[in-house]
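The structure appears below as structure tokens.
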């Protein structure tokens, strides 16, 4: 399991700017459907240079064609394509929330959701072996109180992309050892 923490980073001046997370993933977020839970966010809160490196296969239109009001529900089940349009088409700061990425062949019925990942008050990130909360998810991005971003994945390739993009991130297991 790859698990990382990003805090006090020049590359993420405002936590959490998902545009920068998606830049790090280099378009791989499009290969997933996303369950978004425990969400608290502010729209039109940030302006960023993160939009300058969009994935080649993504076209961004005006904000009116990529409305962020779809994020006003909890929980949310959304395709990687639609989420990417919303993320890059709007200026959003994510304060709290969990973005869980699922392979496209997995379908989640949010009306019957048994496991609902959460950030606020969750002690399970601060253990010796942090794990993705939903057992069917491959990726988890956690927005933690506007102060840090956690990234967990079983996929070594995605873990490497994240490490290459964010030079100042810390392995979460190493970080947690300081407090155990």
request  = Counting only C-alpha contacts under 8 Å and six or more residues apart, can you give the relative contact order of the chain as a whole percent?
outcome  = 37
Cα centroid of the stretch 4-38 to Cα centroid of the stretch 137-171, whole Å = 7
ask   = Taking neighbour counts of Cβ atoms within 10 Å as a proxy for exposure, in what order, fewest first, do 139, 108 appear?
value = 108, 139
Correct option for log10 I(q)/I(0) by the Debye sum over Cα atoms at q = 0.10, 0.15, 0.20 Å⁻¹ [calculated from the coordinates] among (i) -0.34, -0.82, -1.59; (ii) -0.62, -0.90, -1.22; (iii) -0.39, -0.92, -1.63 = (i)
note = Most exposed first, judged by fewest Cβ atoms within 10 angstrom, 91, 3 run 91, 3
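Run lengths n ≥ 4 of DSSP H only: what is the helix-derived mean residue ellipticity at 222 nm for the chain, with -39500 (n - 2.57) per run over all residues, to the nearest 500? Mind dumping the intermediate values first?
Working: 4 runs with 34 residues, N = 180.
Taking each H run of at least 4 residues, the total per residue is -5000 deg cm²/dmol.
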query = Let a ≥ b ≥ c be the square roots of the eigenvalues of the Cα gyration tensor of the stretch 73-138; is it rounded (a/c under 1.5), or, if not, prolate (a/b larger than b/c) or oblate?
reply = oblate
task = Rank these for me by crowding, 180, 1, going from fewest to most other beta carbons within 10 Å.
result = 180, 1
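Read the figures in this text as sums done on the coordinates, not as results from a lab. The shown structure was predicted, so the numbers you read here are calculated from the model rather than taken from an experiment. Reconstructed Cβ throughout: ideal geometry from the backbone, glycine too, with neighbour counts over all protein chains shown.
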